[in-house]
Amino acid sequence: MMSFVYIPVFIKEITGNVKSVGIVISLYQIFYFFSGVVFGRLGDFFKRKLFVVSGIVIASISIFLLKYSVNFSQVVLLRILAGLGTGMIPGALTAYAYDSKKDIGVFTALGSLGWAAGSLLIGVLGFKSDIFLIASFFMFFIVFMILPLKEEPIPKRDVSIFSLSVLRKNLRLYLSFFLRHTGAFAVWTIYPLFLAKLGANALWTGIIYSINPFLQFFFMLFVKRLNALFAVKTGLFLSFVTFILFFKAKSHFEIIPYQIVLALSWALLYLGSLYYLLERNIERSTVSGALNGVTGLCGTVGPFFGGTLGDISLRLPMIFGAGLSLAGFLMFFSKKK
């Protein structure tokens, strides 16, 4: 999360324009998408810990080297490697947690708590390249937590590794998620710049960013008590409401209560989607990896629109995000079970 918040500012410092921010984030996300889908599928056939550890090592090294990058080409290459590395992790790790009978709500909520901590740290430290060193240290430290974990043998599957039937079965969820999150990534691409325009400095940017994941931590502890279908629908609609509120904001202080709505919308949508997929499919690494892969695909398309629209007005991506969230809600609204 530390590198995620700082990347738009870092790229703009190097290139002097907003479009380049969209390009770099898009490239990161397309490789995150590719990696998430491919290695998520492989996680249902081979040792999952191998993919998690490999992804962490690749990602941490690439983030570390950003500290020493001096031009746009170097940043592009390192973010591509980071996308490949981070994309290997979520599907296999989520499936491992679910199959180990861990509480997925707590598991996901702790991830959000990590986002909050990273946002607060960047607010305290300010925008500087040492953030990449600290972020890479946290990332690499995870290796020593993963290696001691025991892993049961993966049961043999009577289906092809390259089967698309699981993805087709859950297509409506993936498409609704894709629409909402494409709009969201258009917003997040310019969000630090938008907050700065509203008057936020680095400290307030970090504080505002941290409110969302910090509250997600608490909201996610209760989402598991809800019907997954209801959670997804409500999360999509509240996303629409959130981006409309962002569009109307006049100062960064006004954004603070809107972050509460954002946190609730994402907790409902993401965790609801995870439960929906894990409860209805035995190929859990595949479906959870694909969900995170869709996030990467959204991050490929969304930043392009975010950077392009943001060059015209930093408020336009908010309308774009609201429109796509509403489209995703309408697509999934008729889903009965």
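The values are calculated or read from the model by the stated rules, or taken from the named source; none is laboratory data. The shown structure was predicted, so the numbers you read here are calculated from the model rather than taken from an experiment. So basically every Cβ, Gly included, is an ideal-geometry build from the backbone, and we count neighbours across all protein chains shown.
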| Which condition does LYS250 not pass, out of (1) within 21 Å of GLY118 (Cβ to Cβ); (2) of a type outside the set (A, V, I, L, M, F, W, C); (3) outside any helix (DSSP H, G or I), if it passes all the others? | (1)
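With respect to LEU236, determine if the residue is assigned to a helix (DSSP H, G or I), under 19 Å from LEU179 (Cα atoms), under 18 Å from the mean Cα position of the chain (by Cα) and at pLDDT 85 or above.
Values: assigned to a helix (DSSP H, G or I): yes; under 19 Å from LEU179 (Cα atoms): yes; under 18 Å from the mean Cα position of the chain (by Cα): yes; at pLDDT 85 or above: yes.
So LEU236 fits the description; yes.
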| Given the residues TRP266, TRP204, which is the only one that is modelled with pLDDT of 80 or more and crowded, with 24+ Cβ neighbours inside 10 Å? | TRP266
| Are any of the residues in the stretch 301-324 among the polar types (S, T, N, Q), within 16 Å of THR182 (Cα to Cα) and under 17 Å from the mean Cα position of the chain (by Cα)? | no
| remark: When the stretch 80-116 is checked residue by residue, the ones that are modelled with pLDDT under 80 and in a loop (DSSP other than H, G, I, E, B) are SER100, LYS101, LYS102, ASP103
| query | Restricting the search to the stretch 296-335, which residues are surrounded by fewer than 18 Cβ atoms within 10 Å (Cβ to Cβ), touching a residue at least 12 places away in the same chain (Cβ under 8 Å) and outside any helix (DSSP H, G or I)? | reply | ARG315, LYS335
| note | How many residues of the stretch 118-145 are surrounded by fewer than 16 Cβ atoms within 10 Å (Cβ to Cβ) and more than 22 Å from SER69 (Cβ to Cβ)? The answer is 5
| query | Which one of SER35, SER20 is surrounded by fewer than 22 Cβ atoms within 10 Å (Cβ to Cβ) and not charged (D, E, K, R)? | reply | SER20
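Test LEU245 against the stated conditions and say whether it is closer than 27 Å to ILE89 by Cβ and surrounded by fewer than 24 Cβ atoms within 10 Å (Cβ to Cβ). First the steps, then the outcome.
Working: closer than 27 Å to ILE89 by Cβ: no; surrounded by fewer than 24 Cβ atoms within 10 Å (Cβ to Cβ): yes.
So LEU245 does not fit the description; no.
Does any residue of the stretch 228-244 turn out to be closer than 18 Å to LEU120 by Cα and not hydroxyl-bearing (Ser, Thr, Tyr)? Give the derivation first.
Just the residues of the stretch 228-244 that are closer than 18 Å to LEU120 by Cα, to begin with: none.
Checking the stretch 228-244: not a single residue is closer than 18 Å to LEU120 by Cα and not hydroxyl-bearing (Ser, Thr, Tyr).
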